[in-house]
Amino acid sequence: MTTTYVRLSAILMKDYKLASDRLALDAPLEGLGIDSLGTVELLWHIEDAFRIKLPPEPVALLTLGDVVRYIDELVASQPAERVAAPPGEPAFRA
Amino acid sequence: MRRVAVSGMGVISPLGNSAAQVLAHARAGRSGVRRLVTPFANRLTAPMAATASFDDVVCLEPGNARMLDRFSMLALIAANQAVQGSHGALEDVDRTRAGVFIGTGMGGTLTMDSGYQTLYGEQSDRIKPFTILMGMHNAAAAWIGIEHDLRGPNMTYSTACSSSTVAIGEAWMRVACGQLDVAIAGGSEAPLSPGSMKAWEALHTVATMDIDDPSASCRPFSKNRTGMVLGEGAAMLVIEPWDRAVARGADILGEVLGYGQSNDASHITRPSVEGQAAAMRAALDVANIEPQAVDAINAHGTGTQANDRTETAAIRSVFGNLADRIPVSATKAMHGHLLGAAGALECVLSLLALRHRVAFPTVHLQVPDPECDLDYVNNRAREGFDAQVMLCNSFAFGGTNAVLVLRQAR
């Protein structure tokens with residue numbers, strides 16, 4: 001269970017009112033009621049919460065695991081000052 | 001033309017969140033206008049409004065529910081209530097002959113205001129991705145169509161303060177002429193954003209707040225009236241052909257007899273006696289009734305000097321001496337001005353008045369005005385008033401006047 005997954009799950013439970021038993025790395029986003037449009041909004045929240053900058057190119061994310069990997073790649077590739085707040089202190093904005 | 005029945009109504013409003021609550025509060029003359037408690041209240045000259053509060057949870061996937069501006073949320077809850085109350089109006093209907101007709105003046109203005117705050121106030125480019133989808137005027141109608149699988153015309157009307165009267169009237173025409181077999185029609189408005197409230201304030205149409213009793217600040221037809229009070233809420237009807245409603249054993253709440261319209265074509269804000277009178281005459285013509293058949297009127301009655309004087313003269317122009325015996329209720333004194341949703345809420349109130357044999361009071365009418373010399377049902381409801389036919393007036397900035405003719409179910 002990665003830190004990224006835990007923090008992403010916290011967003012989904014708090015802001016998307018999703019029950020924890022519906023969340024898993026292989027859970028399809030569509031099955032959680034998050035379609036391609038919803039994914040755009042989720043990434044908007046993620047950008048804030050993880051203090052990363054999303055590239056403008058569209059990205060195909062089908063499962064929660066895909067989202068976690070995408071976040072981790074961006075965090076790893078971006079300057080340290082943009083990297084996420086410590087676990088347990090998500091920078092929720094909404 | 002087919003007769004058109006109202007078989008469901010739903011309401012989320014400053015007077016309550018069901019027809020029963022609205023009826024009780026209107027009968028009692030209780031005002032839903034309040035001092036506004038909000039972080040930007042100190043920026044308002046008159047920090048007051050008629051607010052709606054609700055706990056309902058719209059049963060949508062969370063991802064979809066996040067796409068609703070407050071005006072769409074209000075609309076959807078009211079529409080669901082109306083559909084539920086119709087006891088099956090949407091069952092066994094050809095979905096392509098089922099439509100949605102919604103009026104709103106300001107659409108998702110809360111969302112747009114929030115976006116501008118981000119962009120200009122915070123100097124940030126991080127606009128929320130759903131801003132367009134939440135802000136667009138047709139969002140409420142779209143979500144109602146999605147929620148209830150209604151595949152016929154999905155229409156949104158924005159004619160300022162007559163928007164939802166126009167929406168109900170246009171829906172009535174489609175059902176009456178045989179094009180549709182059922183429609184959800186009404187209006188929704190959630191205009192209590194800082195930008196919107198400051199803009200209304202800047203226009204100098206908002207009432208001065210009564211410091212001793214903010215709930216008494218809107219005083220239609222009273223000589224000491226100072227303007228309107230903004231309100232929020234939604235009201236929806238389910239309408240269908242009378243024969244269909246009878247055949248399925250529906251509890252018919254009233255009948256829409258007709259709908260008339262006119263355009264002032266003169267001034268963008270100043271009301272016109274001729275324009276308002278023309279809309280009332282058009283409604284009577286369409287309903288095929290004479291002026292003497294009208295038993296009561298729900299006035300536009302905003303509480304501005306100009307409207308109330310003009311509307312009084314227009315009613316006199318249409319009804320002549322008959323006007324003296326027609327009770328005229330200005331319910332905005334209680335529920336505030338819901339702008340694009342005002343006509344729908346007042347239509348619901350009119351249907352309730354007909355069904356429950358009551359003329360609602362014009363509250364806070366404190367000082368008689370020689371220029372407003374009709375029977376306004378001053379301050380106290382008239383119980384047992386058995387009106388058969390009512391007019392419901394809505395007049396708008398821009399000049400689009402709309403009037404519904406409603407009849408007690410029989």
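The values are calculated or read from the model by the stated rules, or taken from the named source; none is laboratory data. Please read these numbers as outputs of a predicted model, since none were measured by experiment. So basically every Cβ, Gly included, is an ideal-geometry build from the backbone, and we count neighbours across all protein chains shown.
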Practice prompt. Say whether the condition of being touching a residue at least 24 places away in the same chain (Cβ under 8 Å) and within 22 Å of B:Ala89 (Cα to Cα) is met by at least one residue in the stretch B:188-201.
Written response: yes
Checking B:Ala41, B:Ala46, B:Ala20 in turn, the sole residue that is without any contact (Cβ under 8 Å) to a residue 60 or more places away in the chain and within 21 Å of B:Gly227 (Cβ to Cβ) turns out to be B:Ala41
When (1) buried (at least 17 other Cβ atoms within 10 Å of the Cβ); (2) closer than 17 Å to B:Gly29 by Cα are applied to B:Arg380, the one that fails is (1)
Only one of (1) among the aliphatic types (A, V, I, L, M); (2) over 23 Å from B:Ala5 (Cα atoms); (3) crowded, with 23+ Cβ neighbours inside 10 Å does not apply to B:Ala41, and that is (3)
Any residue at all in the stretch B:337-355 that's surrounded by fewer than 23 Cβ atoms within 10 Å (Cβ to Cβ), assigned by TED's automatic domain parsing to the domain that holds B:Asn263 and part of a loop (DSSP other than H, G, I, E, B)? no
When (1) crowded, with 24+ Cβ neighbours inside 10 Å; (2) among the aliphatic types (A, V, I, L, M); (3) within 14 Å of chain A (Cβ to nearest Cβ) are applied to B:Leu133, the one that fails is (1)
When the stretch A:48-72 is checked residue by residue, the ones that are part of a helix (DSSP H, G or I) and within 12 Å of chain B (Cβ to nearest Cβ) are A:Asp48
ask   = Regarding B:Gln123, is this residue in a helix (DSSP H, G or I), out of contact with any helix residue (DSSP H, G or I) (no Cβ under 7 Å at 6 or more places or on another chain) and closer than 22 Å to B:Pro194 by Cβ?
value = no
Within the stretch B:123-167, the residues that are in contact with a strand residue (DSSP E or B) (Cβ under 6 Å, 6 or more places away or on another chain) and of a type in the set (Phe, Trp, Tyr) are B:Tyr157
Test B:Ser124 against the stated conditions and say whether it is more than 25 Å from B:Val11 (Cβ to Cβ), buried (at least 21 other Cβ atoms within 10 Å of the Cβ), small (Gly, Ala, Ser) and within 14 Å of chain A (Cβ to nearest Cβ). no
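Matching residues to (1) part of a loop (DSSP other than H, G, I, E, B); (2) among the hydroxyl-bearing types (Ser, Thr, Tyr); (3) at positive phi:
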{"position": "B:Met209", "(1), (2), (3)": "yes, no, no"}
{"position": "B:Ser215", "(1), (2), (3)": "no, yes, no"}
{"position": "B:Ser222", "(1), (2), (3)": "yes, yes, no"}
{"position": "B:Ile239", "(1), (2), (3)": "no, no, no"}
Filtering the stretch B:378-410 down to residues that are farther than 14 Å from B:Ala160 by Cα and in a loop (DSSP other than H, G, I, E, B) yields B:Asn379, B:Arg380, B:Ala381, B:Gly384, B:Phe385, B:Asp386, B:Ala387, B:Gln388, B:Gln408, B:Ala409, B:Arg410
Among B:Ser86, B:Ser13, B:Ser72, B:Ser53, the single one that is touching a residue at least 60 places away in the same chain (Cβ under 8 Å) and more than 22 Å from B:Asp149 (Cα to Cα) is B:Ser13
From the option list B:Ala387, B:Ala333, single residue qualifying as among the hydrophobic types (A, V, I, L, M, F, W, C) and crowded, with 24+ Cβ neighbours inside 10 Å is B:Ala333
Quick count over the stretch B:356-377, residues being in a strand (DSSP E or B) and more than 23 Å from B:Arg34 (Cβ to Cβ), is 5
Conditions (1) out of contact with any His (no Cβ under 8 Å at 6 or more places or on another chain); (2) among the basic types (Lys, Arg); (3) at pLDDT 95 or above -> B:Arg270 fails only (3)
Check: Within the stretch B:113-133, is there a residue that is within 18 Å of B:Gly343 (Cα to Cα) and at pLDDT 95 or above?
Finding: no
- Message: Can you find a residue that is within 14 Å of chain A (Cβ to nearest Cβ), surrounded by fewer than 19 Cβ atoms within 10 Å (Cβ to Cβ) and of a type outside the set (Val, Ile, Thr) anywhere in the stretch B:44-60?
- Response: yes
Here the residues within the stretch A:34-47 that are in a helix (DSSP H, G or I), closer than 17 Å to A:Met13 by Cβ and within 7 Å of chain B (Cβ to nearest Cβ) are A:Gly38, A:Glu41
Condition set surrounded by fewer than 20 Cβ atoms within 10 Å (Cβ to Cβ) and of a type outside the set (A, V, I, L, M, F, W, C), scope the stretch B:159-189, selection nearest to B:Met112 (Cα to Cα): answer is B:Gln179
Within the stretch B:219-244, the count of residues that are under 20 Å from the mean Cα position of the chain (by Cα) and farther than 23 Å from B:Val166 by Cβ comes to 3
